[in-house]
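**Q** Below is a structure I'd like to ask you about.
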Amino acid sequence: MNKQATTVRAYLLRGAFLLSLAFVIVMPLALGQTRSRGSKPSVAASMKMPQVPTATGMGGGAQAVRIPAMPASQLPKATSGPAGAHAITVPPAPQAPQVVLYDQYNNAGTNATSSQDFEASLDAFDDELADDFVVPGGQSWSVESIDADGVYFNGAGPAQSFNVRFYTNSGGLPGTLVESRIGMSYTQSNSTFSVTLSPAVCLASGTYWVSVQARQDFTPAGQWGWTDRTVQSNSAAAWQNPGGGFGVCTTWGQRGATCAIDPGVPDQVYRLNGTIGCGTGTPTPTPTATPTPGPCTFQVLIVSSDVGVPPTTLQSQILAEPGVTAVDFFDAQFATPTLAQLQQYNIVVAFSNSAYFDPVATGNVLADYADTGGIVVGLNFNWYGPPFGLDGRWMTGGYTPFNSPAPTNFTNSCLGTYDMAHPLMQGIPAGSLCAFYRHTMTLSPGAVSVALYQDNEQLCAYKTNNGHTGVGINAYVGDFADTWSGPYGTVIVNAGRWLIPCATPTPTPTPGRIVLTVNERRGQDRVLVRLRWTGANTASVKIFRNGALLARVANTGSYTDVLTAPGIYTYQVCEFGTGNCSNEKRVRGP
Ligand SMILES: [Ca+2]
Ligand SMILES: [Ca+2]
């Protein structure tokens, strides 16, 4: 593999027109490797496999569950069973200034419950386990790490990384996704798995759920389980298996009582570490700007250097997206666009294959454009380094979500673990977004990954710099080599849908009926938004943000939201089950 990559690199360096030759040599080899990658689990059978659902289950569009044809004893299990029994050691206190924010690291049960993102062939068994905690009133927490007690079973591990997700509370189960950190690194000491959250997660007061999920291939590493806890704090732990492989709890249910996994042992063993209070500076109130949201239309400019080949496929893909009114092409092999040229568009896509006419000037003008509110989406080979990569301020001034230069990784892979709830990933099917010409990327400081490939390489990440968010996609998407497939154009337009303030239809308000007021606490990169309302007469209310349902909560008259991304956010509170809604309130993000 290394030898082939070196060969390809040499071709690239000798001249981009030779890329086609390298493509012919490498492509069949890579495909062959992909096909031969399948392997059989060699797991000693000890536990009874939960019953799997039939493909012809309930009607109403139920889909067949894709279960590999192998004995049930060789498939993942929901629980370690007694094989998971172990003595737990409470980990030492975190180093100052971090403190233990929340602690239920005690009362370990015998079993551990599966919470794992398996390899693609076992996606039907991907499962997620969550437990709840409360951030006290008046506090905000910067959660910097989680210690989860766990064991490997059905194999010896190790996990490649861990995904940690935070949800709102919805009737004693996880509700809306608040923050997620996927592909996080971890350390193991005895049975303590310590996962560092990068960047830290800021939570306002309220009840939350946290899930810890191992990214681990069943073959050959087996399974990871989160240790069950005999004592219950707050609500009982929740578990889900959206792919249906286990035949229980395809949506969140109580792990013991509903999903029947280790019933009677209700919680999980874990604790949260970090600091009380978010941000480094003292939050200072800032007057709320009230710009007029623009229309929901997108004008996209593709700035690329690709041996004179226009990016027609990507262009067509973007143009087919709802709301896109223009997709133009600027050939950056022969010139550098001016800021004024870029500013005629609200999304600029930049990628290279041959060298940019002026990599420094191009990166500089992209950063200028980002500074004025433009959305920059970068793709490969921007992170190649000289001579084919991008340079200038977008690469060196804190804008790029990936570090450069990044080694090439010329193998095929498709979308693996990703945040389905993230705005960038709306409408992106699992297993889509396939690419060959990729890099082995590392995240730049403060960048957040939203998607990985199936081989755990970064696929998509964003980075907020001085209040402006840039997006990076690890794929070459030009037409010089037809080596990619899937809706990359949707991800690009999603960046605009997410980051560009835009008037969206909201529920019909009944003026004067429900009165909504908003109080903001502005931190350096967060805004805590406290909503207060009067006049709602139903037991629960729906809270809308930018026209989308944010939460359904008890009608307590208040709700706190945390904004971490720039943009203008419009809030509205509506009675549940009636058409009565409050006035709208607008808040500017960080
Ligand atoms: Ca998976
Ligand atoms: Ca609990």
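The values are calculated or read from the model by the stated rules, or taken from the named source; none is laboratory data. On a predicted model such as this, the values are computed, not experimentally measured, just so you know. Quick reminder, even Gly has a Cβ in these numbers, built from the backbone with ideal geometry, and neighbours come from all protein chains shown.
**Q** Within segment 244-288, can you find the residues that are at pLDDT 95 or above, out of contact with any Leu (no Cβ under 9 Å at 6 or more places or on another chain) and within 19 Å of TRP141 (Cα to Cα)?
**A** The answer is TYR270, and nothing else.
**Q** Has segment 399-413 got any residue that is in contact with a Leu (Cβ under 6 Å, 6 or more places away or on another chain) and either at pLDDT 95 or above or within 16 Å of ligand 2 (Cβ to nearest atom) (or both)?
**A** no
**Q** Could we say that THR187 is among the β-branched types (Val, Ile, Thr), at pLDDT 95 or above and not in a loop (DSSP other than H, G, I, E, B) here?
**A** So THR187 fits the description; yes.
**Q** Which pairs have Cβ atoms under 7 Å, sit 6 or more apart or on different chains, and link a residue in segment 416-431 that is under 19 Å from TRP484 (Cβ atoms) and polar (S, T, N, Q) to one that is away from ligand 1 (no atom under 14 Å from the Cβ) and at pLDDT below 95?
**A** Within 7 Å, no pair qualifies.
**Q** Further question: Exactly one of (1) of a type in the set (Gly, Ala, Ser); (2) farther than 30 Å from LYS542 by Cβ; (3) outside any strand (DSSP E or B) is unmet by GLY496. Its number?
**A** (2)
**Q** Kindly indicate whether LEU129 is within 16 Å of ligand 1 (Cβ to nearest atom), crowded, with 19+ Cβ neighbours inside 10 Å and outside any strand (DSSP E or B).
**A** no
**Q** I would also like to ask the following. Does ARG532 meet the test of being at pLDDT 90 or above and surrounded by fewer than 17 Cβ atoms within 10 Å (Cβ to Cβ)?
**A** yes
**Q** Consider segment 427-441. How many of its residues are surrounded by 24 or more Cβ atoms within 10 Å (Cβ to Cβ) and either among the polar types (S, T, N, Q) or outside the structural domain of LEU314 (by TED's automatic domain parsing) (or both)?
**A** Here the count works out to 0.
**Q** Could I ask something else about it? I want to confirm something. Restricting to segment 96-126 and keeping residues that are surrounded by fewer than 19 Cβ atoms within 10 Å (Cβ to Cβ) and among the hydroxyl-bearing types (Ser, Thr, Tyr), which single residue is nearest to ligand 2 (Cβ to nearest atom)?
**A** Here the residue is THR110.
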